[in-house]
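Values quoted throughout were computed directly from the atomic coordinates according to the rules given, and no laboratory measurement underlies them. Just so we're clear, the structure is a prediction, and the values are computed from it rather than from any experiment. All Cβ positions, glycine included, derive from the backbone under ideal geometry; neighbour counts span all protein chains shown.
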Amino acid sequence: MFQPNTFTAKGPLGFASHIWSEHRVGLAIVGILGLIFAVEPPQAVESTWFTIDALLSTAPFLVLSILMAAYASATGADGLIAKAFTGAPVVMIVAAAALGGLSPFCSCGVIPLIAALLAMGVPLAPVMAFWLASPVIDPSMFILTTGLLGFEFAVAKTLTAVGLGLFGGVVTHALTASGHFRDVLKPQARGGCCGAASLTAPKPVAWRFWTDPARRSTFAREAWGTTVFLVKWLALAFLLESLMLAYVPAAWISGALGGSGLAPIVTATFVGVPAYLNGYAALPLVSGLMEQGMVPGAGLTFLVAGGVTSLPAAIAVYALVRPRVFALYIALALSGSLASGLLYQLWLGSAG
């Protein structure tokens, strides 16, 4: 699931690029702490303990999410995704949106999986439904969201993921039915790694994976890789949260993203794109922002918009599909994210 990058470059520049690619999160943590120690040592100590304490408090949810991700990979349950893309268009859209909101695919696996689907001739509408829903939530993220932001918020995020997928799938189906978007992939875009293999050559699911040595090895490898991935990203996120709580004025947060009405949610829609780090890393950041006055609707919008349209994801999408499809993807993501935040805030207001 969380696979290291392949190192092929030669020489000092290639070595430096490899080190940065493999350890950029750890280097960022060390660099930030080093800078704070040089400028304000007491805050560096406080931020370090804040990060450690936050990781320990999140540990039960973290362990459960790691076990779920490793189990899905070891059993071969991720191969079930192939069954979502057969049948009538409406059925495919609904199934793809639901599986997108529930599937435990890693961020590196979404793009090659989408490439494989499109290369196999799967219609764009169900692919778009899965594409939009998948980055927003998965079982592991649901557990962590519950731990950091509460069960109600986690449910709202899950419903938003499925709803965004349905919205995108229906709109895309209507456009393709009218003759648009017949040519989707760029010529150089072809399938690749991670989830694509499960789709093109799905293996039988073995729920009792521990009886197979190869699957036990897969479980151990995935559990370790997921642990490293989550711990380093969460450590960076908690470190940034500590700095945000120390240096970002609560009045500024309340003014920019707090309050009521449309403005904070609209702001969160567009701020989420450049400010978003990672699906897991964003959770404690949003928790800190909400503690300082950001309305829940803006928090949901930030997570959804950032998850779907973050700069790394957007660059990967642009490299894969033609410009018109990319523009549709961005438009659906931003409009759906804005609508989800507004609806959630309206629901909170009526419920309150």
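Which of TYR247, TYR329 has the fewest other C-beta atoms within 10 Å, and how do the rest follow up to the most? Walk me through the numbers on the way to the answer.
Numbers: TYR247 9, TYR329 23.
Ascending Cβ contact count within 10 Å gives the list TYR247, TYR329.
Note the full-extension length gain between ARG322 and LEU33 as 0.36 nm times their separation in residues minus their Cα-Cα distance, in nm to one decimal. Spell out each step's value before the answer.
On the way: separation 289, 0.36 × 289 = 104.04 nm, distance 4.14 nm.
That works out to 99.9 nm of additional length.
Would you mind getting me the FRET efficiency between ASP183 and PHE270? Use the beta-carbon distance for r and R0 = 41 Å, nearest 0.05. If you can, show how the numbers build up before the last one.
Working: r = 30 Å, r/R0 = 0.73.
Using R0 = 41 Å, I get an efficiency of 0.85.
If you rank TRP224, TRP131, TRP207 by fewest surrounding Cβ atoms within 10 Å, what's the result? Provide the component values of the computation, followed by the final result.
On the way: TRP224 13, TRP131 29, TRP207 9.
Lowest to highest Cβ neighbour count: TRP207, TRP224, TRP131.
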- Note on the structure: Expected sort for SER217, SER242, SER178 with the fewest Cβ neighbours (10 Å cutoff) up front is SER178, SER217, SER242
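Please compute the length gained on full extension between ALA246 and LEU67, using 0.36 nm multiplied by the number of residues separating them and subtracting their Cα-Cα distance. Could you put the intermediate results ahead of the total?
Numbers: separation 179, 0.36 × 179 = 64.44 nm, distance 3.39 nm.
Using 0.36 nm per residue and subtracting the Cα-Cα distance, I get 61.1 nm.
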